[in-house]
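Please read the structure below before turning to the comments.
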Amino acid sequence: MTDRRTRVALVGCGGMGRHHLNVLRSLPDFEIVGLCDVSAEAREACGAEYGVDGLHEDAGVMCDAESPDLVTVATQTRHHHDPTVAALRRGISVMCEKPIALDLREADAMVEAAAASGAKLAIHQQNHMHPGIRKAVEMVGQGAIGDVMLVRGRNKAGRKSGNEFMEMGTHITDMMMRFAGPPEWCSASVFYEGRLATRGDVMHAQEMSPRDRDSGYVMGSRATGRYGFAGGVMGEIVFLDYAKTDNTNYGVDVLGTEGQLAVRTSGDLNDSLWNLPRPMEGHPSQASDWHQINLSNAGLESPIISMYRGMATAIADDSQPPCDGVTGRWGFEMIMGVYASHIADGARVGLPLSDRAHPLEGWAIAPDA
């Protein structure tokens, strides 16, 4: 490590970009040296607010002019690939917002660009570094719940499953992999308006929900997926299209041979990890048997700060950052596996997928069988 501040340039001066800028401004070891946005109004407003003079329309030009150590890509998903690859090819590390890309072809190109240049690529799945997740991983490693049998992902709801997959889905799959590693297969079904979804139900994300970000092709209002991990560990996700968001539901359950852990990653950092000291939940009247794990000594740092500190360490030490590009791509692969399996009538599909195109892209335009 060196004492030099990490020079950061940011692409995307919208709401998510400002979230990153607020965090970076609070960290004395980081310096914001450039801003990029296709909107002159947006970049000039951010430049004035955050005291940044290096304002640019093109990410490559910004990289050449400002010589950052790190580029944060905080655009909508459709615009993740180009600025990420532009920076990586120049040997500049990248923190890219989730999900990694619109499809696996783009994700592969981003991962390959990082490998070719030696620059670091991290995907901002901030719950990867959540104190509750980190403590739960530690407890599992210490045998606190025996052997892991099942990891269950839990979503916030408030969206149809198609949008939820691209908005929050990779947060959930990344948390699942913290306990089980990359999956070997997926089997899934997607439903729309009370029936199995068909190719006619494929639409763009903002057609399904105009308030959401541009995340490419989506499908379905409800979905269920099962995963197989190494060693016989099972995984499952169920998105049920509840009308209202419930942050208290958001996280993962880890079921072991001797106990269970429940991690909830919204709200108070110290109120995020619970343990049941037996393998089966039992009767609802026994819910009080769950007890909270005190995280006050676990380092209650905001996960986004931990992500940035981890990235700075990776750049300085030539190590891998938290949720590196390969890991971020796997989280996205798990979502694409849901669609690929549904198209195959729910059959198991091996992961990684052999066809790197978006499963819905070809299916939507294919002629009826």
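Read the figures in this text as sums done on the coordinates, not as results from a lab. The structure displayed is predicted, hence computed values, not measured ones. Every residue, glycine as well, gets a Cβ built from its backbone with ideal geometry; the counts of neighbours run over all protein chains shown.
Brief remarks follow.
- No Cys partner within the rule (Cβ under 4.7 Å), the chain: C36, C63, C96, C186, C323
- Those lysines that a straight Cα-Cα span of less than 17 Å connects to K98, excepting residues fewer than 8 apart in one chain: K120, K156
- The phi-based Karplus calculation (6.51 cos²θ - 1.76 cosθ + 1.60; θ = phi - 60°) puts the 3J(HN,Hα) values of the stretch 146-154 at x, 7, 5, 10, 8, 10, 10, x, 10 Hz, whole numbers, x for Gly and Pro.
- Count Lys and Arg as plus one, Asp and Glu as minus one, and take only other residues whose Cβ is under 12 Å from that of C96; the net charge is then -1.
- Only Cα sites of the stretch 318-369 enter the Debye sum here, all with the same form factor; the resulting log10 I(q)/I(0) across q = 0.23, 0.25, 0.27 1/Å is -0.88, -0.98, -1.07, listed in q order.
- Ranked for footprinting exposure by Cβ neighbours inside 10 Å, fewest first, Y250, Y242 give Y242, Y250.
- Cβ-based charge dipole, the chain, positive-most Cα from V94, A357, I304: I304
- Rh (Kirkwood; distinct C-alpha pairs) - the stretch 123-215, Å: 15.5
- In Hz, Karplus ³J(HN,Hα) per residue of the stretch 71-81 (6.51, -1.76, 1.60; θ = phi - 60°; x = Gly, Pro): 10, 9, 9, 10, 7, 5, 4, 4, 10, 6, 4
- Against the rule of thumb 2.2 N^0.38 Å, how large the Cα Rg of the stretch 194-313 comes out: 1.38
- Debye equation applied to the C-alpha atoms of the chain, log10 I(q)/I(0) at 0.07, 0.08, 0.15 Å⁻¹: -0.31, -0.40, -1.35
- Each Lys or Arg adds one and each Asp or Glu takes one away; over the other residues whose Cβ falls under 12 Å from the Cβ of D174, this sums to +1.
- Near the amide H of V71, within less than 5 Å, lie the amide hydrogens of A9, S93, V94, M95, all on another chain or at least 5 residues away, with H placed in the peptide plane.
- Counting all C-alpha pairs of the stretch 263-369, share separated by more than 20 Å (%): 66
- For the stretch 168-211, the share of alpha carbon pairs falling in successive 10 Å distance bins from zero is 20, 36, 34, 10 percent.
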